[in-house]
Amino acid sequence: MRLLIILLLFIPRILGAQGSDECGTAQPIVLSTFGSVDVLVDNSSATNNPGDPPATGTLCPQSAFGDMVSDVWFSWNAPENGSLELNTCPGNLDTDIVVYRSNGGCGALVEIACNGDGVLPGGEICDSFGSILDGVGVVSGMSYLI
């Protein structure tokens, strides 16, 4: 079973959230069954908050993971056990994606997946150094921060 969330950057024809500048007020993503949802991401007014949890990038050493600046936060609760895909490849901004288990809130995050510069299944590099995570295992009822 597969859950797909596509994070699109600066594409105004897609309806969705903008993301939150702070972990503690992460914008919820609504995906309550297996399927996909497009989420608009706009980090143009995001700040660099020194209080944000650190992203080490140790889980994605081969993907050109960079500094986490001008970040935006999303929250999501897994409706079932399955596999999650997150993708910013059709965007026009250099992105990094980090997924945390977050049942303990922002103070108890566990980094479970990350990607810097993504590579599509056919071997092409994502446009503008976008990111892709595919096959991230998720557990029913678990909260995740992205």
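The values are calculated or read from the model by the stated rules, or taken from the named source; none is laboratory data. What you are looking at is a predicted structure, and each value in this text was computed from that prediction instead of being measured. For neighbour counting, all protein chains shown are included, and Cβ atoms are generated from backbone atoms with ideal geometry for every residue, glycine included. Each accessible area value is taken on the protein alone, full model and side chains, heavy atoms only, with ligands, DNA and RNA left out. Shrake-Rupley method; radii C 1.70, N 1.55, O 1.52, S 1.80 Å.
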Among 131-144, 71-84, how do they line up from the highest to the lowest mean number of other beta-carbon atoms within 10 Å?
71-84, 131-144
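Protein chains only, probe 1.4 Å: how do Ile112, Ile146 rank by accessible area, largest first?
Working: Ile112 50, Ile146 15 Å².
Correct descending sequence by accessible area is Ile112, Ile146.
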